[in-house]
Structure formats: C-alpha cells, structure tokens
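Student: This is the structure I want to talk about, given as structure tokens.
Every read-out reported here was derived from the displayed coordinates using simple, explicitly stated rules and does not represent laboratory data. Everything numeric here is computed off the predicted structure, so don't read it as measured data. Heads up, the Cβs are rebuilt from the backbone with ideal geometry, glycines too, and the neighbour counts pull from every protein chain shown.
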Amino acid sequence: MNELNIYTLFQNIFSQSAVIGGRFSIATGYGSSLDDEKVGDYIINTLKPKKYPLVALFPPIDFPKERGTEYKMKMVFVVQQGNGSFGIKYSLANNTTGHPIIYDWKDMRECALNFINILDKVSKLTPRLFSTSLDMVERFSYLGTSKLSGVAISFDMKVIENTNCQNSEYQHLDKDSLSILLSTDDIHPQHQH
C-alpha cells in the first residue's frame, strides 16, 4: 500500500457515504495548517464545490520507517452557512440554512467519526495493510469569507509498505558496488591557520 492507494481508499469510502456523497478533494495547493481565513476561500475558489457537505484532505505529513510510513492526516468536514443554494438544508423563505452552527458541528463530527469507523473496519481486513488512531476533532465556525463551518480531524495512519519492492532508481548498484559510494578519505586535513 502506498500514498496513492490511501487517497483512492478515502475517495472510495466517501463515495459510499449517504451524507458526503463522494464530495472529497485533496487540497493539493494548500499547506497542512488550518488558517481560518485562507482555507475557506481555498475550498470555494479552488475546489469550486457545487454542493455541501464536503471533505478536504490537507497534504499529509509522513515519517518514513523501516517497514512502512507513518502519516499525519488532517481533514475538514464542512458545510456552508447562510447560502441555501449550496447547502443540504435550507429555508425557502429566506434562502439561508436556518441551522445553528452547533448543529453543524454535531453533524460534521458524526460524518468524521463515521469515516474513521469505516476506515478502522477496513484496516482490520487481512492482510492488515494499515492502522489508524484518531488524535482530535476541532470545531470551527464561519471559516473565511465563505462562511464554512464544521470540524477538522487529525489522525495517524501507519501504512505497511511492500518492502520487497526493488529500488528502480538505483537498481544497477549491487551490494559490492555500494562500497565505492562511501568516502573515507580525509577530505580536509587539520592544519594550522
């Protein structure tokens, strides 16, 4: 399993969600921090959502290990406030959601925890290719000028990678030729100044 398989797995899970309905994007043009002003505008301007709620994955941070990789993942589960034309809930009388933010927090938290629950179930399939652990759920309101509300989740994902893969970039180097790469000469001998 590799990084691209992770993205596909997430998309496959969200495509089965009755609430999210496959509205999942990777925020490729964004960093890993949740900046209140910029992330809302990034979602609106770059992802150009047609419907809410939606989920965006921030670029993951990874820590390569001997037998796999540990990823730090961060996702936002968002709805838009005030504009019923995009929302999943709206009031025809005033074209606003009429839904208190604390309800949005609850709804998006449930979506996030349901996702983690399914991800955990998939992780227990054999052979076991990964494991997950949820770090935190963070609520936010009126994110940026787009008035997005919802939750951000942070979780760890430990992925076991195929360690039998050949290193195609350096496949021409065998065990004996590796020693020529090692420099043991005294490159800059000590001298007096």
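Student: Just subtract the alpha-carbon distance of K72 and S154 from 0.36 nm times their residue separation and send over the number in nm, one decimal.
Tutor: Taking 0.36 nm per residue and subtracting the Cα distance, the gain is 28.8 nm.
Student: Taking 0.36 nm per intervening residue step and subtracting the Cα-Cα distance, what contour gain separates E3 from S25 on full extension?
Tutor: 6.4 nm
Student: Multiply the residue separation of A18 and S177 by 0.36 nm, subtract the distance between their alpha-carbon atoms, and state the gained length in nm to one decimal.
Tutor: Once the chain is fully extended between A18 and S177, it gains 51.6 nm.
Student: Given the peptides 51-57, 125-131, arrange them by the average over their residues of other C-beta atoms within 10 Å, most packed first.
Tutor: Put in order of decreasing packing, that is 51-57, 125-131.
Student: Given the peptides 59-67, 115-123, 177-185, 153-161, arrange them by the average over their residues of other C-beta atoms within 10 Å, most packed first.
Tutor: 153-161, 115-123, 59-67, 177-185
Student: Once amide H atoms are built 1.01 Å from N in the peptide plane, which residues 5 or more positions from Y52, or in another chain, come under 5 Å H to H?
Tutor: I88
Student: Apply the Karplus curve 6.51 cos²θ - 1.76 cosθ + 1.60, θ = phi - 60°, to the phi angles in region 182-191 and return the couplings in whole Hz, x for Gly and Pro.
Tutor: These are the phi-based 3J(HN,Hα) values: 7, 9, 10, 5, 7, 5, 9, x, 5, 8 Hz.
Student: A further question on this structure: Once phi is turned into θ = phi - 60°, what whole-Hz ³J(HN,Hα) does the Karplus curve with 6.51, -1.76 and 1.60 give for every residue of region 132-138, x standing for Gly and Pro?
Tutor: Calculated HN-Hα couplings, in order: 10, 8, 6, 8, 6, 10, 10 Hz.
Student: Measure off 7 Å from each Cα along the Cα-to-Cβ vector at T126 and S141, then give the distance between these two points in nanometres to one decimal.
Tutor: Roughly 5.0 nm, to one decimal.
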